[in-house]
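Here's the structure we're looking at; comments come further down.
Bear in mind these aren't lab numbers, they're just calculated from the coordinates by the rules spelled out. Since this is a predicted model, take the numbers as computed values, not measurements. We place every Cβ from the backbone using ideal geometry, glycine too, and count neighbours over all the protein chains shown.
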Amino acid sequence: MIVDGTEEADLWLVFSVIIRKINVISALFKCLNLAVSLFSIKKRTSFPLYVIVLPLPPQSDL
């Protein structure tokens with residue numbers, strides 16, 4: 001099947017945007033999950049464990 005070059009490029013653009021949005025949403029959910037778990041840990045213990053988790057690797061696809 002022969003696809004026009006511009007049509008294929010548009011398709012790839014849409015696809016990459018969708019993938020990026022999925023990555024951003026999953027990253028947000030990870031942060032939310034982390035915040036909830038840290039909050040529950042902090043309620044149970046007086047030691048601030050969130051200091052250990054702060055240096056997270058940077059998200060390259062944001």
Subject >> Label-point separation in nm, ASN23 to ASP10, each point 7 Å along Cα→Cβ >> reply: 2.4
**OP:** Rounded to whole Hz and in sequence order, give me ³J(HN,Hα) for segment 9-14 from the Karplus expression 6.51 cos²θ - 1.76 cosθ + 1.60, θ = phi - 60°, writing x for Gly and Pro.
**Re:** 5, 4, 4, 5, 5, 4
Subject >> Phi-based couplings in Hz for segment 24-38 (Karplus 6.51, -1.76, 1.60; Gly and Pro marked x) >> reply: 5, 5, 5, 5, 5, 5, 4, 5, 5, 4, 4, 4, 5, 5, 5
